[in-house]
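The values are calculated or read from the model by the stated rules, or taken from the named source; none is laboratory data. Given the structure is predicted, the values throughout are model-derived calculations rather than measurements. Don't worry about glycine lacking a Cβ; one is built from the backbone with ideal geometry, like all the others, and counts go over all protein chains shown.
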Amino acid sequence: MGGLARQQGLWSPGPGRWIYAAYRRIADALGPRTVRIAGGPLAGKTLGARWSLRRSPYAGGDYEPAVADALDALARSGSVAFDVGAHFGYFTLLLARRAAHVYAFEPAPANFRALRRTLADNHIDNASAYPLAVAASDGDDVLAITAASSMCRLHGNTRAIPRAGEGVVQRARVETVRLDSFVQHARVPRVDLVKLDVEGHELHALLGMQGVVRRWQPALVIEVHRELAGGEDPRHVLHLLDRWGYVCRDLDVGGRPITSLAHTWSEHHILAERGA
């Protein structure tokens, strides 16, 4: 393949990419398997996931511990939480332990099937799953489905040369929604907490929830990306949050206040809470 294919994230060196892509298609066709979580606060719960993840941090119960600790502390009894970019539902399960209700969004078809299985197998009745991509506008867009299931992203958020596991194996048209629209149509009573992990589309998702922020000032846990954002600087996310009156902390270094993001960071986890 030539330069255009490389720019679109369809190419990576060596045969490994093609082998993994074939495995991914077979695994998706077979559907999610049950992966038991061995440790941590979710010990004994199960995930609907590919069988290859049975030795992953998801199964060990120690996936992104700083994010897990923050969400566990913020999901107070009776709260309403949004899990945007829910993947297989690991954090959805965590939030559902205390929240009155969790709204989980996952646009990738195979991931969404796994998310639904996670909720069903664990008999979670205080969470709802939606096959929607949260964005700045209502409509539809193209989702790039990658070899690594956690890296699926809306069109445009792809590396020029992908890292291992991040090459695009197929594309799917998905429905997009603003959280402001969803809250209105679903008659959500309030929003206390939003976890946002949308692989480089964070600023767009935030712009689609300005009404939610004005009305409820929810706590936000956001993973920001530099290399996936089509040249967008994640500091734009910080600037927007600052204009909204939020104080941002760095979950990866013990909650230290953030004033800027280094250009060299590829991904980082931010806790944003409304200032006094």
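Filter the stretch 130-142 down to the residues that are out of contact with any Phe, Trp or Tyr (no Cβ under 7 Å at 6 or more places or on another chain) and surrounded by 23 or more Cβ atoms within 10 Å (Cβ to Cβ) and list them by number.
Within the stretch 130-142, ALA133, ALA135 meet the criteria.
Determine which single condition ASP62 fails, assuming it passes every other condition in (1) at pLDDT below 95; (2) among the charged types (D, E, K, R); (3) under 15 Å from LEU196 (Cβ atoms).
The failed condition is (3).
Could you check the stretch 97-109 and list, in sequence order, the residues that are surrounded by fewer than 24 Cβ atoms within 10 Å (Cβ to Cβ) and touching a Gly at 6+ places or on another chain (Cβ under 9 Å)?
ARG98, ALA100 - these are the residues of the stretch 97-109 that are surrounded by fewer than 24 Cβ atoms within 10 Å (Cβ to Cβ) and touching a Gly at 6+ places or on another chain (Cβ under 9 Å).
Answer yes or no as to whether ARG113 is closer than 20 Å to GLN170 by Cα and surrounded by fewer than 24 Cβ atoms within 10 Å (Cβ to Cβ).
Taking the combined requirement at face value, the residue satisfies it.
Looking at (1) surrounded by fewer than 16 Cβ atoms within 10 Å (Cβ to Cβ); (2) closer than 20 Å to LEU115 by Cβ; (3) at pLDDT below 80, which is the only condition GLY44 fails?
(3)
Among all residue pairs at least 6 apart or on different chains, which show Cβ distances below 7 Å where the first residue, located in the stretch 49-76, is without any contact (Cβ under 8 Å) to a residue 40 or more places away in the chain and surrounded by 14 or more Cβ atoms within 10 Å (Cβ to Cβ) and the second is in a helix (DSSP H, G or I) and aromatic (Phe, Trp, Tyr)?
Once the first residue is without any contact (Cβ under 8 Å) to a residue 40 or more places away in the chain and surrounded by 14 or more Cβ atoms within 10 Å (Cβ to Cβ) and sits in the stretch 49-76, its partners that are in a helix (DSSP H, G or I) and aromatic (Phe, Trp, Tyr) give TYR58/TYR90; TYR63/TYR90.
Quick one: in the stretch 240-276, which of the residues that are part of a helix (DSSP H, G or I) and modelled with pLDDT of 90 or more is nearest to the chain's Cα centre (by Cα)?
Residue satisfying both the conditions and the ranking: LEU251.
Looking at this structure, is ALA136 modelled with pLDDT under 95, aliphatic (A, V, I, L, M) and more than 14 Å from the chain's Cα centre (by Cα)?
yes
Have a look at THR158, THR146, THR176 and point out the one that is modelled with pLDDT of 80 or more, buried (at least 19 other Cβ atoms within 10 Å of the Cβ), of a type in the set (S, T, N, Q) and more than 25 Å from GLU273 (Cα to Cα).
Step by step, each of THR158, THR146, THR176 is checked, and only THR176 is modelled with pLDDT of 80 or more, buried (at least 19 other Cβ atoms within 10 Å of the Cβ), of a type in the set (S, T, N, Q) and more than 25 Å from GLU273 (Cα to Cα).
What tally of residues in the stretch 32-41 results from selecting those that are in a loop (DSSP other than H, G, I, E, B) and either on the phi > 0 side of the Ramachandran plot or surrounded by 14 or more Cβ atoms within 10 Å (Cβ to Cβ) (or both)?
3
Sort through ARG76, ARG36, ARG97 and tell me the only one that's of a type in the set (D, E, K, R), more than 20 Å from the chain's Cα centre (by Cα), closer than 16 Å to ILE124 by Cα and at pLDDT 90 or above.
One residue alone meets the criteria, ARG36.
Of everything in the stretch 216-237, what is modelled with pLDDT under 70 and crowded, with 21+ Cβ neighbours inside 10 Å? Give them in sequence order.
LEU228, ALA229 - these are the residues of the stretch 216-237 that are modelled with pLDDT under 70 and crowded, with 21+ Cβ neighbours inside 10 Å.
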